[in-house]
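These notes are about the structure you will find just below.
The values are calculated or read from the model by the stated rules, or taken from the named source; none is laboratory data. Just so it is clear, the structure is predicted and the values come from calculations on it, not from any experiment. Positions of Cβ are generated from backbone atoms using ideal geometry, with glycine treated the same way; all protein chains shown enter the neighbour counts. Accessible surface is based on the protein model in full, side chains and every heavy atom, while ligands, DNA and RNA are left aside. Shrake-Rupley method; radii C 1.70, N 1.55, O 1.52, S 1.80 Å.
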Amino acid sequence: MKILNIVGARPNFMKMAPIVDALNRYPERFEHRLVHTGQHYDARMSQSFFDDLGMPRPDVDLGVGSDSHARQTARIMVEFEQVCEREQPDLVIVVGDVNSTVACALTAKKLGIDVAHVEAGLRSRDMEMPEEINRLCTDVICDYLFTTDPIADRNLRAEGVAEDKIHYVGNVMIDSLLKHREMASRLDMPGKLGVAPGEYATVTLHRPSNVDDPRTLEGILSALADIATELPLIFPIHPRTRKMAEQFGLADRFNEGGPARGLWITPPMGYLEFLNLNMQARMVLTDSGGLQEETTVLGVPCITMRENTERPITCEIGTNVLVGKDPDKILAAARAVLAGDTRPGKTPEKWDGAAAERIVQVLMDAQ
Ligand code: UD1
């Protein structure tokens, strides 16, 4: 079976790495190539993850870069169509919910190529979220829907997806986390940054709904500044967030100097560095999707600054709480964690490091 594996943006890399590993275990069954759309291109948003995850360099780089949604998606489709015509794959594997995911799924399907979506069935029910549109459009055309939890299975069934397309395999992002946990634990990021283990929190923030509106961004930054008076906050800042903060005249809310002076921003971190930091954090404040899952497995309290989540299982059984973007609620949630109001959380079934192997087994059974 000839497969094209697609990556494009930062959260794709740690999902694809275990799939590439698993396919490599069966060289007689699979021939595969890695295609990078180039949606993310900064060294710290892309290249460093290949190094950290031990993933081979992409065989093809479409080099599309940043643009409006329509232009970025269209450019990926135009470029990827040529790759499909040249490579003639039997299957295209897409992961997650970024523009690269839907662009490549749509291109392949229209050429009559089977498509597998890894992390299918997640739903936030929030159509203002570009990722929700990407998830819905991708799932509806895919041939293999690999899911992370039973809630995703139920979502797909409710949408009328045929039972034989749905495969509950677990969480490939957690495959990567479990594989690299020990390697990450050998780093000493708190020591390097001058904070004590367990005596700091990490922050990530990049969703358009949080960072593209000046008042919302200002409110969140003021809540974070308040928390930072009680606990050092380390905030590896996404390029989009930095750009918007500068545009809105809010860049003076950050400091780049160190932990003692409020909201401390750093450049985006590598996978192992950030994992090391999160493993030892008192809490994580985020609007990311993947971090809600990673903190659940690490048993670290997660405060999600969003009104909804496509990953409700992390709230139902994990360590995640949804607080929205109201500054008072963010502050109250952080204070509750500081006061010891936390729960240990449980890891969902099949988040055990073997999700990619299950995917490959399904593909072999189908051959
Ligand atoms: C994308 C995904 C989002 C994911 C996030 C992870 C979509 C619709 N969104 O959002 O789901 O959670 O990646 O990071 O696909 N930029 C750089 N360097 C880069 C990449 C981006 O400077 O390497 C800046 C550019 O100013 C760009 C902006 O970030 O315009 C947004 O990048 P884009 O890829 O459009 O979306 P993200 O916000 O990164």
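Take GLN72 and decide whether it is surrounded by fewer than 24 Cβ atoms within 10 Å (Cβ to Cβ) and either without any contact (Cβ under 8 Å) to a residue 40 or more places away in the chain or β-branched (Val, Ile, Thr) (or both). So GLN72 fits the description; yes. Being part of a helix (DSSP H, G or I) and of a type in the set (D, E, K, R) is the filter; apply it to region 239-288 and report the residue that is farthest from ASP226 (Cα to Cα). The selected residue is GLU273.
For region 183-202, the condition holds for at least one residue, the condition being that it is within 16 Å of the ligand (Cβ to nearest atom) and in contact (Cβ under 8 Å) with a residue 24 or more places away in the chain.
Given the criteria within 15 Å of the ligand (Cβ to nearest atom), open to solvent by 20 Å² or more (accessible area, probe 1.4 Å), over 14 Å from ASN12 (Cα atoms) and not small (Gly, Ala, Ser), does GLU128 qualify? Considered against the rule, which asks whether it is within 15 Å of the ligand (Cβ to nearest atom), open to solvent by 20 Å² or more (accessible area, probe 1.4 Å), over 14 Å from ASN12 (Cα atoms) and not small (Gly, Ala, Ser), GLU128 comes out as yes. Selection over region 72-101 of residues that are within 12 Å of the ligand (Cβ to nearest atom), in a helix (DSSP H, G or I) and small (Gly, Ala, Ser) gives a count of 1. Filtering region 291-307 for residues that are in a loop (DSSP other than H, G, I, E, B), within 16 Å of the ligand (Cβ to nearest atom) and free of Cβ contacts under 8 Å to residues at least 12 places away in the same chain leaves an empty set.
Restricting attention to region 1-56, the residues being within 11 Å of the ligand (Cβ to nearest atom), of a type in the set (Lys, Arg) and either under 25 Å from ASP90 (Cα atoms) or buried (at least 20 other Cβ atoms within 10 Å of the Cβ) (or both) number 1. A search for C-beta distances below 8 Å between a residue of region 76-96 that is within 17 Å of ASP61 (Cβ to Cβ) and open to solvent by less than 10 Å² (accessible area, probe 1.4 Å) and any residue that is more than 16 Å from the ligand (Cβ to nearest atom) and acidic (Asp, Glu), counting only pairs 6+ apart in sequence or on different chains, returns VAL92/ASP114.
Being part of a loop (DSSP other than H, G, I, E, B), of a type outside the set (Lys, Arg) and at negative phi is true for just one of LEU231, LEU217. Which residue is that? Criteria check complete, one pass: LEU231.
Looking across region 333-357, the residues that are more than 19 Å from the chain's Cα centre (by Cα) and open to solvent by 60 Å² or more (accessible area, probe 1.4 Å) come down to ARG335, ALA339, ASP341, THR342, ARG343, PRO344, LYS346, GLU349.
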